Structures are given as structure tokens and as C-alpha cells.
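Okay, so here's the structure we're looking at.
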Amino acid sequence: MQGALRSTLWLGFFAAILAAWMVMFAMSTDMDLDLLGRPGEMGAAMAAMDPRMPMDMPMARFGPLFAMWAIMMAAMMLPTLVPTLRAYEDLMTSANGTRAGWLGVLAGYSLVWVGFAATIAAVQLGLLFGGVIDMLGIAKSHWMAGGLLLVVGLFQFTRAKEICHGVCHSPAMYYLGHWRTGLTGGLRMGLGLGAFCVGCCWGFMVLGFVGGVMNLAWMGLATLFMVLEKLPQIGHVVTKPMGFVLIIAGVAVMGWPVLTGG
């Protein structure tokens, strides 16, 4: 019975991830974007639209943007939760954990990222109406794009990143220090773990404004890296190298207009 319940819950978990990616792909197709977020004729026309024009443009309204970001959070962040949920399972027998607690961890973690989705949707609207990004969420300035790459790259070397990554990388230690039983206990731990995860990974969401928030290739690469960051065996050795890569990319992007005379 317990084995069947475990299998059902894990299958539902992975089905939710697959569904989120399928929805993102469908949204990208509807917006006439390829896997790199590059627009076709219709997508280019959408990107050039003025958000202040008196017409219904979903990407200029909070509701559709929030829904898009919430689905994106499910697609990108649920895969990174696998080691955390596995760590909870390892403690279920010795620490009186339950499947309800497992679901609580998942729910708490998801609630935090839904809150982040609301925040970044509001940020995107502010940037859009401020003329900083276009309708597809792509930075209009090389300086803006390069600056974001630099900021996120430098963040990889900060104490805040080290602390937040330490919790994400070793969730068992967090459980041991904050263990609560039952659904409510799991929910509380999930909220805490989600907060540390946002602190660890926010930068990779913000970088969507560099290549476009609907760039599925970027989303896939970012998801892969964040999963690697949380793996116990290698997570601690990939954080700083990625920081160097992002810093170099930021300098290159900001220097490109100078080199080309653009």
C-alpha cells in the first residue's frame, strides 16, 4: 500500500513537471517564437508593440504574466526539488515522517515560488512600461543585458549565495535542525526551504530578461544547472565556475557595441 502511494505521488510530481514544460512550449508557439525565444514575423510585431496602446495585450497585463511565470516556476524549479524530497523520504522512518509531510514540503516550496512569480511578473511590467524591455521580456540595451549577467555572476561569490546554496545542497541538515511532523510541519519546512531556494536561484530567473523570458533553450539550460547545483556529489564545485562564465559573458555583452561601433 505504502509503495503504491509513493509511486503514485512521484508519478504525479513528474507529470506536473512535464505538463508545465508542455504548456510553456504551447505558449511559445502561440507567440511565434522558436526554442531560442527568437520571434518570427508575428513575434517581432508583438515585441515592437507599445504597451500603452489601447488594445488588449496579455503580456502587458499582470494576470497573464503571473500565470506564465507561475507555470515557468513549476517547469524550472520542481525538477530541482527532487533531492530535497528524496532527503525527506530518507528521514521518514527514523524521524516519524509521513507522506502528508512530504506533500507539505512540496506545497510550501511551491507557494514560495508562486509568490516569487507574482513579484517578478510585477517587475517585468515595471520594466516594460519603463521602456527597459520589450513585449517579449528582452532587454533593449546591451548595457542592461550585460549588467544583469555581471550582477548574477558576482552574486555567485557572495556569502548570501553560499548560505542559501548550502541549505539547498544539503537539505537533510535543514530537516534535522527544523524537523516538524505531519502536513503542517512539512508545510513549514517547505516554506523555509523555498525561501532559501529563491535566495539561491533568483538570479537565473532574472536572466530571462537577457535572452527573453520565453527562451525555452535558456530555461532548459538554467534548470539543468540548478539541478546540478543541488546534487550532493558535485553541487559545491559548479557554483563559482558559473559565476566566472556569467561575468565574462556580461563583459562581452557590454563591450560588443563598442567593438562593433553600434
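Residues in segment 73-109 that are modelled with pLDDT under 90, out of contact with any Gly (no Cβ under 7 Å at 6 or more places or on another chain) and of a type outside the set (D, E): M92, T93, S94, A95, N96, G97.
May I ask you to list the residues in segment 199-210 that are part of a helix (DSSP H, G or I), touching a residue at least 40 places away in the same chain (Cβ under 8 Å) and surrounded by 19 or more Cβ atoms within 10 Å (Cβ to Cβ)?
Looking only at segment 199-210, we keep the residues that are part of a helix (DSSP H, G or I), and these are 199-206, 208-210.
Checking which are touching a residue at least 40 places away in the same chain (Cβ under 8 Å) leaves us with 201-206, 208-210.
Within segment 199-210, C201, G203, F204, M205, G208, F209, V210 qualify.
For R86, are the conditions met, namely being surrounded by fewer than 16 Cβ atoms within 10 Å (Cβ to Cβ), more than 10 Å from the chain's Cα centre (by Cα) and not acidic (D, E)? Yes, satisfied. Looking only at residues of segment 133-161 that are of a type outside the set (A, V, I, L, M, F, W, C) and touching a residue at least 12 places away in the same chain (Cβ under 8 Å), we find that the one that is farthest from F244 (Cα to Cα) is D134.
Among what's in segment 41-66 and is in a loop (DSSP other than H, G, I, E, B) and modelled with pLDDT of 70 or more, pick the residue that is nearest to M205 (Cα to Cα). Full working, then the answer.
Applying the first criterion (in a loop (DSSP other than H, G, I, E, B)) to segment 41-66 yields 49-57, 61.
Within this subset, residues satisfying the condition of being modelled with pLDDT of 70 or more are 51, 57, 61.
On the way: P51: 22, M57: 23, R61: 19 Å.
Result: R61.
Under the condition of being of a type in the set (D, E, K, R) and either part of a helix (DSSP H, G or I) or under 17 Å from I234 (Cα atoms) (or both), which residue from segment 134-180 is farthest from the chain's Cα centre (by Cα)? Taking the candidates together, the pick is R159.
Cβ-Cβ contacts under 9 Å between residues 6 or more apart (or on different chains), taken from a first residue in segment 232-244 that is surrounded by 14 or more Cβ atoms within 10 Å (Cβ to Cβ) to a second residue that is of a type in the set (D, E, K, R) and part of a helix (DSSP H, G or I), are listed as G235/E229; H236/E229; V238/E229; T239/K161; T239/E162; T239/E229; M242/E229; G243/K161. Listed by first and then second residue, the pairs linking a residue in segment 93-119 that is among the charged types (D, E, K, R) to a residue that is surrounded by fewer than 16 Cβ atoms within 10 Å (Cβ to Cβ), with Cβ atoms under 9 Å apart and 6 or more places separating them unless they lie on different chains, are R99/Q2; R99/L5; R99/R6; R99/L9; R99/M92. Might you check whether a residue that is within 16 Å of L231 (Cα to Cα) and under 17 Å from the mean Cα position of the chain (by Cα) occurs anywhere in segment 185-195? Yes: segment 185-195 contains one or more residues that are within 16 Å of L231 (Cα to Cα) and under 17 Å from the mean Cα position of the chain (by Cα).
The values are calculated or read from the model by the stated rules, or taken from the named source; none is laboratory data. None of the values given here were measured: they were computed from a predicted structure. Quick reminder, even Gly has a Cβ in these numbers, built from the backbone with ideal geometry, and neighbours come from all protein chains shown.
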